[in-house]
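Every number in this text was worked out from the coordinates using simple rules, so none of it is lab data. The structure presented is a predicted model; accordingly, all values stated were derived computationally and were not measured. Methodologically, a virtual Cβ is constructed for each residue, glycine included, from the backbone with ideal geometry; neighbour enumeration extends over all protein chains shown.
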Amino acid sequence: MTTIVSPRPEALDTSASTDNYLTFTKGFRSWALTLDHKRIGVMYMGAVLASFLVGGIFALLLRTELLTPGKTIVSADMYNQFFTLHGAIMVFLVIIPSIPAALGNFVLPIMLGAKDVAFPRLNLFSFYLWIGGAMFTLYSLAAGGFDTGWTFYTPYSTTTTTGGVIPVLTGVFILGFSSIFTGLNFIVTVHKLRPPGMTWFRMPLFLWALYATAIIQVLATPVLAITLCLLIVERLLNIGIFNPSMGGDPVLYQHFFWFYSHPAVYIMIVPAMGIISEIISVHSHRQIFGYRFIAFSSIAIAMFSFIVWGHHMFVSGQSGLMNTIFSLISFSVAIPSAVKTFNWTMTLYKGTISLTAPMMYGLSFLFLFTIGGLTGIHLATLNTDVHLHDTYFVVAHFHYVMMGSALIGMIGGLHHWWPKMTGRMYNEKTAIIASIIIFVGFNITFFTQFMLGSQGMPRRYYDYQPEFQIYHVISTIGSYIMAFGFFLCASCFVQSLLGGKKAPVNPWGGRSLEWQCSSPPPHDNFSSPPKVGNCYDFSMLRWDEKEQGYVVDKELEAKSIAAEARGHS
Amino acid sequence: MTHSHSNTANEGHPLVGHLVPVSTLVATASALLVLTVITVAVRYIDIGEFNLWVAIGIAVVKAALVACFFMHLRWDRPFNLLVFIGCIIFVILMMAFSVLDTSQYRATQYTGNPPVAQETLDANAPGAPVARFKPELNP
Amino acid sequence: MSHASVPHDGHSSHADAGHADGHGHGSAEHSKYPFLAHHFETPVQQFDSAKLGMWLFLATEVLFFGALFVAYAVLRSRFPEVFSYGSHYLDTVMGGVNTCVLILSSLTMALGVYFAQRGKRIALVVCLWLTMAGAAGFLVIKYFEYSHKIHDNLVWGPSFYIPPHDAIGEAESVALAHAPAPAPAAVPAPVNSAPTGVPMIGARPAVDASVIKPASIGPGGLGAGVVNSASAVTFDVIPSQIPAAHLEDPNMPPNTHMFFAIYYAMTGLHGFHVIVGMVVIGMLIYRATRGDFGPNYFTPVDLVGLYWHIVDLVWIFLFPLFYLIH
């Protein structure tokens, strides 16, 4: 049954010139009311990157404020609002939608071989929900800002006098539904829109990751929604369910919040892991090692994520029994994560590694995720956590995972699929330099914070002891370096849009279906039904100088088919 | 009448979905009504702890009836059933952990104001709640 | 868990059928079935997708309510006496009638799906109207329940202990708000904040710890003895003509307001879902009257039916958990 036939690239090229999704229809309305998953993905990407800029500016302001003890540029109240905004924007507006909604929307149906997601209207609706949520979040600034931290812990969030709390809660509530609908759409698409031949175990690992993410989005996000509702009702109507002076229970709030927000951490990281699976195998031109293990570890992470939330509450008044249980279960997440990391390393081993820009981000991910993951073990350990809780150690840990892994994975994926999205290549050299600068800047910024934290500097503090200053200064310098790296990266993309080389069908040598359609893809994704093969078998591809990309070599293909047949018999 | 009448689907075999006969639906509704009467009746019998569990048990049976027959789950694709049962399992999971936790720390929990707040209250307004509340109510 | 263990759910076979002439709008299936969207190959695929999507949405609804059920469980395990006391203020007859109304409207909805599948337009429209009537009836009964409760001062939060529409209570609040600062200087009067919480005690005594019993009484509360007796005085002086009969009840357990807090939260959210249900059923009635549905295309009726049944299902649990506590 496994005849692997790849369409000839030249056959697809003819359709490419006449029909691509970017120029299929023109005008503002054709974008604003589009039902095309690719355009929605591109719009998400633009919106997410804009939010990333805003969140990043807040981060730089924070770091600048922390250059000296006491006041440097802003007042303490302002500082509280800054870190809250930085957190809320980066979590709810950037990282959570970045990979599933932006990249996933663009890539998932093409990778799957479908013409669109299952519910295109719902997809567009969820984009506008995102816009609505972002508007509310912005409005909260006008309404007086909020200083609760992105976690909105009660009773502070129900008593603080900053006026923007209810608008931002509403905003996050709406963003939550945007996320739910994206996840719902993806699950149905993966289940029902696979073309003939695309079995579960032929799906690229990015799809497995998005599928696992979608499960979390659908199951966890409603709990956040109802929690935020209760918080709004608590503030408006004084209902008292979380208010200890009325017999309510603030720890219950934290249970609710982390029942969503711990899985949400995996909404951020699991799709990034999927991207890395693609990048590592494509750019080292080697069959992914342990396909099924990586696929199932995504599902395993999604499931484990629901039973470890209590490790955020070790010092919140959670009972000793639950502390122990949650600490124990938390370690189990290390297993699927490590399975993935080892498999990626094994894929690299003896691979033909091309040090392209996506690969540079892929390697950064491996390094940073290892540090971020292993420090997570310190924090899951009950007695160490009591010391490290709410210090800069935690800040450094989750930045290594959220930023060093999830965001770097997103940026890597953007580099990987950029030629497909825009039909343009970027200046590879600049992109690689930018990735190195980001990597160096990142480590300078956040590795220092591990030291700060282990010496006892608490997070979210405006002022500090003079002996901590040297670390803060180094960290701030690192953040400036990183900002420069991101600007270089952005300029690289702008340059590509303005005058980049035309992208070939298959610039990296990928085998999944999106590398079979033209760059940029046609409106209906595939002009003829795609042929599904083993998306990690790169043996039949060779570099073609004329195409400036990879093409399927007839001889190699025949050999590969023969080899496959031998393997099956 | 409707545009799709031209494609006459075979009786009992619609193009999509499953046709559940009226008799089954009416029987389900009757069972639900009977169970409602039972669950109300059980309230007035004291069987201690079991009152709660009987009530929940009857509710679960009713829910299963609604899901199987009204919602067609009995004939639907198994994955839809898995989705439904799966999400209920997650609710139970959240409930089990949260209740286990709160029942553990309850013994060490203050139900009233924190000591400092109560002291402030007592110092600044001795006997505060009552002292202020009383005269207003007895004009 | 084993989402992955259902590898094919029978979809590829359907997809094969419409695949012969490739993608695009012009395929035989698409010209035969005008309702078939361009990215689906067959009506079965479209129907199954819609169904799965709806079931996933129902899963989010279950978790949405689920969190409130968790809050209920936590509160009930903490204050069992409050729940069995508070339950007696709820009207079992009204609740029971409402349960029956919802079950019957669920039946008419299910019959509506049946008639849509059979292509019986008139019967479908009648069933949808009956369902709508059931929903409206439920809300009317609920309205009477709520208004009785509110009249009797059985509400959430601090107001539970202050009779509403009561000039004395109003005057007292006003007087306290303008009182010559008995509050500790350290706590500034909040301007635009929620009127609750420990830090605000000095500033807002009328609605805060001063009148809420848990502030003073509680199994583990500090100084329980002192304030306990004080609270008792409070109840002695409440005039008997006040509709809040529960305040005169010396046996009322502390924190009884929490029962009503969770009662209003859960039934309120459920009521909101009923209202949403009426809106979508209204849209269905419009489309059904127009004649949109038939044996081949009845997906919207089916999906709204699923939604309506889950609303019924939630009530099936709410009813015994609030009204039928022994």
- Query: Taking the alpha-carbon centroid of each part, what is the distance from region C:98-121 to region A:216-243 in angstrom?
  - Reply: 33 Å
- Task: Treating the angle as unsigned and between 0 and 90°, give the value, to the nearest 10°, between the Cα long axis of helix A:250-283 and the longest Cα principal axis of chain A.
- Result: 30 degrees
- Query: Across region B:25-34, in residue order, what do the Karplus-derived ³J(HN,Hα) couplings come to in whole Hz, using 6.51 cos²θ - 1.76 cosθ + 1.60 with θ = phi - 60° and x for Gly and Pro?
  - Reply: 5, 5, 4, 4, 4, 4, 4, 5, 5, 4
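For n ≥ 4 DSSP H runs only, could you compute -39500 (n - 2.57) per run for chain A, divide by its residues and tell me the 222 nm figure to the nearest 500?
On the way: 19 runs with 359 residues, N = 569.
It lands at -21500 deg cm²/dmol.
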- Item | Relative contact order of chain A, defined on C-alpha pairs under 8 angstrom at six or more residues apart (%) | 19 percent
- Task: Using Cα pairs closer than 8 Å and at least 6 residues apart in sequence, work out the relative contact order for region A:124-196, in percent.
- Result: 42 percent
- Item | Dipole of region A:36-568, positive end: most advanced residue of A:Ile40, A:Ile353, A:Ile477 [Cβ charges, Cα centre] | A:Ile353
- Task: Mind listing the long-range amide H neighbours of A:Gly549? Cut-off is under 5 Å, sequence gap 5 or more, other chains count too, H placed in the peptide plane at 1.01 Å from N.
- Result: A:Asp544
- Item | Neighbourhood charge, 15 Å Cβ-Cβ cut-off, centred on A:Ile325 and excluding it, Lys, Arg +1 and Asp, Glu -1 | -2
- Message: Taking amide H atoms as placed 1.01 Å from N in the peptide plane, list the residues 5 or more away in sequence, or in a different chain, whose amide H sits under 5 Å from that of A:Thr391.
- Response: A:Arg459
- Under a point spin-label approximation (7 Å from Cα along Cα-to-Cβ), what is the A:Tyr349-B:Ile89 distance to one decimal in nm? 3.4 nm
- Enumerate the calculated ³J(HN,Hα) couplings along region A:412-424 in order (Karplus 6.51 cos²θ - 1.76 cosθ + 1.60, θ = phi - 60°), each rounded to whole Hz, writing x wherever the residue is Gly or Pro. x, x, 4, 5, 5, 9, 3, x, 6, 6, 10, x, 10
- Partner shielding of A:226-236, as the mean number of partner chain Cβ atoms within 10 Å, equals 4
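Please compute the net charge surrounding A:Gly149, taking Lys and Arg as +1 and Asp and Glu as -1 over other residues with Cβ under 13 Å from its Cβ.
Working: positive: A:Arg459, A:Arg460; negative: A:Asp147, A:Asp390.
Here the count lands on 0.
Just to verify a number: FRET efficiency for C:Val279 and A:Glu555, C-beta to C-beta distance, R0 = 45 Å, to 0.05? Don't skip to the end; give the middle numbers.
Numbers: r = 63 Å, r/R0 = 1.41.
For C:Val279 and A:Glu555, the calculated efficiency is 0.10.
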- Post the alpha-carbon centroid distance, region B:42-63 to region C:244-311, in whole angstrom. 23 Å
- Query: Any idea how far apart A:Ser454 and A:Ser30 come out in nm if each label point goes 7 Å out from Cα toward Cβ?
  - Reply: 5.8 nm
- Task: Would you pull out the residues with amide H under 5 Å of A:Arg424's amide H, same chain only if 5 or more places away, H placed 1.01 Å from N?
- Result: A:Ala503
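Based on Cα coordinates alone, diagonalise the gyration tensor for region C:266-326, multiply each eigenvalue by 5, take square roots, and list the semi-axes in whole Å, largest first. Don't skip to the answer; put the middle values down first.
Values: eigenvalues 182, 28, 9 Å².
Working from the Cα gyration tensor, I get semi-axes of 30, 12, 7 Å.
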- For region A:36-568, convex hull volume per residue from C-alpha positions, Å³: 142 Å³
- Fewest to most Cβ atoms within 10 Å: B:Ile88, A:Ile216, A:Ile276, A:Ile307 sort as B:Ile88, A:Ile307, A:Ile216, A:Ile276
- Query: What is the distance, in nm, between label points placed 7 Å from the Cα along the Cα-to-Cβ direction at A:Thr161 and at A:Phe367?
  - Reply: 4.9 nm
- Query: Taking each residue of C:295-302 in turn, how many C-beta atoms of other protein chains fall within 10 Å of its C-beta, and what is the average?
  - Reply: 5
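Rounded to the nearest 0.05, what FRET efficiency is calculated for B:Ser30 and C:His151 with R0 set to 35 Å and r the Cβ-Cβ distance? Before the final figure, lay out each step's value.
Numbers: r = 36 Å, r/R0 = 1.04.
That pair, B:Ser30 with C:His151, gives E of 0.45.
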- Note on the structure: The answer for the net charge of residues other than C:Met54 whose Cβ lies under 15 angstrom from its Cβ, with Lys and Arg +1 and Asp and Glu -1, is 0
